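The values are calculated or read from the model by the stated rules, or taken from the named source; none is laboratory data. Values in this document were obtained by computation on a predicted structure and should not be read as measured data. Cβ placement follows ideal geometry from the backbone for every residue including glycine, while neighbour counts extend to all protein chains displayed. Keep in mind that these areas ignore ligands, DNA and RNA; they rest on the heavy atoms of the full protein, side chains included. Shrake-Rupley method; radii C 1.70, N 1.55, O 1.52, S 1.80 Å.
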Amino acid sequence: MSAFSNLLIPAVLFFALGFIARLIKSDLRFPPDLAKILSIYLLVSIGLHGGVELANADLGAALAAVIWALVLGFLLPIIAFGLLLAMRRVEPLDAAAIAAHYGSVSAGTFLTAIAFLSSQGIDYERYPLIMLAVMESPAIVVGLLLASWSRGRAAKASASRSEDTGRGQGHLGDILREAFTNGSVVLLIGSMLIGAIANPTAMESLHPFTTDIFMGMLCLFLLEMGLEAGRRFGDFRRVGLALGAFGLVMPLIGGVIGVLVGHLMLGFGVGGTTLVGVLSASASYIAVPPAMRLAVPEANPSFYLTLSLGVTFPFNVVVGIPIYYQMALLLVGKA
């Protein structure tokens, strides 16, 4: 019952409200630009939180955690993208957007894992908190790179316009520049740098903006995304079974990789190793959806939101976290 209660948080319920409102054909609608404003706010707030964590850390000791957070943030979406393409059930742009979610992290799942460890009386290293902040951006960048590659492939295949085809075949440097200068990435990385270098006293004045209203703004954003997911739910039902299987298998793959990295590469104990496994197994439903909504509007939100929030999130909360904990216990116990 307690595991089920973890699903009964306002953000999840507002997503469900929007989804149901669209299915019953309610006239509930958002003003056209409000979703974009909410996306910008969430990216800035998450970036500032991550910057504060970096500023308070011993950067020398945290360097290995940061490096492996970057490795996981780049590797996991590539694995997810390959699996999705192999399934042949979604278009490459949809696969790119979904993959970005599975390379990023879920703060809600992470906090649930901390509560789980606390209930077991298990201590944990604090460096996974830094990894939580760092792993957001690489996955978004990889998602944008994969989306650019997918657009280029489509343009080359269609060859409808030589100009578009040439742009689709652009050099890697052009694609990287497009990815790193994308507004979502600039907001997230820039906000993180501001949070890291700003005067701590001055940052305290932002507490109401970054903390007090965050969950309320997240609820509004997920309400709008629930409306959008409900509008396009028919598309998800068409490939739902295969995607649902992906939403269960990919977290297990990520969890195994994360547990191995946490113990073998970072030398964490049971608690820290479990948290790295949870980070690698989780799928973002906060930072990546607004980024993909802005940068890859062609992708279907019903796919990536229903997968991350409707399949992987409850799976991790109810089943996944205990599995990753047992993995960590077994691995650390053998060391």
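Computed quantities for the displayed model
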| quantity | calculated |
| --- | --- |
| Matching option when the condition is β-branched (Val, Ile, Thr) and part of a helix (DSSP H, G or I), among ILE257, ILE286 | ILE257 |
| Qualifying position, being over 18 Å from GLY73 (Cα atoms), touching a residue at least 40 places away in the same chain (Cβ under 8 Å) and not aliphatic (A, V, I, L, M), among GLY258, GLY254, GLY226 | GLY226 |
| Condition broken by GLY277, with the remaining ones in (1) more than 16 Å from the chain's Cα centre (by Cα); (2) of a type outside the set (A, V, I, L, M); (3) in a helix (DSSP H, G or I) satisfied | (1) |
| Cross-chain or 6+ apart pairs with Cβ under 9 Å, the range 184-208 first and without any contact (Cβ under 8 Å) to a residue 24 or more places away in the chain, then surrounded by fewer than 20 Cβ atoms within 10 Å (Cβ to Cβ) and part of a helix (DSSP H, G or I) | VAL186/PHE180 |
| Residue in the range 54-66 that is in contact (Cβ under 8 Å) with a residue 12 or more places away in the chain, surrounded by fewer than 22 Cβ atoms within 10 Å (Cβ to Cβ), of a type outside the set (A, V, I, L, M) and part of a helix (DSSP H, G or I) present | no |
| Positions within the range 258-302 being among the hydrophobic types (A, V, I, L, M, F, W, C), in contact with a helix residue (DSSP H, G or I) (Cβ under 7 Å, 6 or more places away or on another chain) and within 21 Å of ILE122 (Cβ to Cβ), in sequence order | VAL259, VAL261, MET265, LEU266, PHE268, VAL270, LEU275, VAL276, VAL278, LEU279, ALA281 |
| Index of the failed condition, VAL134 passing every other in (1) hydrophobic (A, V, I, L, M, F, W, C); (2) modelled with pLDDT of 70 or more; (3) over 19 Å from VAL44 (Cβ atoms); (4) surrounded by 14 or more Cβ atoms within 10 Å (Cβ to Cβ) | (3) |
| Residue list for the range 212-223, filter: open to solvent by less than 60 Å² (accessible area, probe 1.4 Å) and either free of Cβ contacts under 8 Å to residues at least 60 places away in the same chain or among the charged types (D, E, K, R) (or both) | GLY216 |
| Filter result for THR201 (part of a helix (DSSP H, G or I), surrounded by fewer than 15 Cβ atoms within 10 Å (Cβ to Cβ) and either at pLDDT below 85 or within 22 Å of the chain's Cα centre (by Cα) (or both)) | no |
| Hits in the range 94-126 (condition: surrounded by fewer than 24 Cβ atoms within 10 Å (Cβ to Cβ) and either at pLDDT below 85 or of a type in the set (Ser, Thr, Tyr) (or both)) | ALA107, GLY108, LEU111, THR112, ALA115, SER118, SER119, GLN120, TYR124, ARG126 |
| Cβ-Cβ under 9 Å pairs, at least 6 apart or on other chains, the range 113-127 side part of a helix (DSSP H, G or I), far side of a type in the set (Gly, Ala, Ser) and open to solvent by 40 Å² or more (accessible area, probe 1.4 Å) | SER119/SER2; TYR127/ALA61; TYR127/ALA64 |
